[in-house]
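Written below as structure tokens is the structure these notes are about.
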Amino acid sequence: MKLIGIDPKTGNEVNVQVDRIEGSFFESMRSFEMSEDAIKRLIDKLDISADAKSLLYTFSKATIKAGEYVIKIGRKILDYVCLVYREYPNVTFGIVFGAILGALISAIPFLGIVLGPIVTPIAMAIGLVGGLALDVQNKVIEHQITKIVSSFAPLSAK
């Protein structure tokens, strides 16, 4: 199956071939735990600049096309980030965002091409210095992030 994304910096289409993707994956990508309004409220409450908030809203609009399906990839990732952030309020939003995106981009390079140009300014704006790695002391969070990343595995190129 062909995945199509748009490089936000160049506007060029990025294509990658993946194995057949099961319908259950598309169902999981269409269902969200949090409403758009709930995510917007959470982002609005973050102690970050208006520019960083704007970048997060832009990130939430990122999509990719897989065959006949359009996947709201940015929205789905933010859904996961917000869920982990709400569950572990002592961990900053930036660390959760960086950990999940860092793991996703290293596991699925196609997402790095499509989301990287958006992620880098967000990381800089919310103060993620020294890369997007998370020194996870809480193994529960580490396990949850691994589970999230594995849910995107069908997007891995052949």
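Annotations for the structure displayed:
- In the set (1) farther than 20 Å from residue 157 by Cβ; (2) surrounded by 15 or more Cβ atoms within 10 Å (Cβ to Cβ), residue 44 fails one condition alone, (2).
- Pairing residues of the range 1-24 that are farther than 11 Å from residue 154 by Cβ with residues that are basic (Lys, Arg), at Cβ distances under 9 Å and at least 6 apart in sequence or on separate chains, gives 2/65; 4/65; 5/65; 15/2; 16/2; 16/158; 17/2; 17/158.
Quick note: the coordinates plus some simple rules give every number you see, no bench work behind them. Being a predicted model, the structure only gives us computed values, none of them experimental. Every residue, glycine among them, receives a Cβ derived from its backbone with ideal geometry; neighbour counts consider all protein chains shown.
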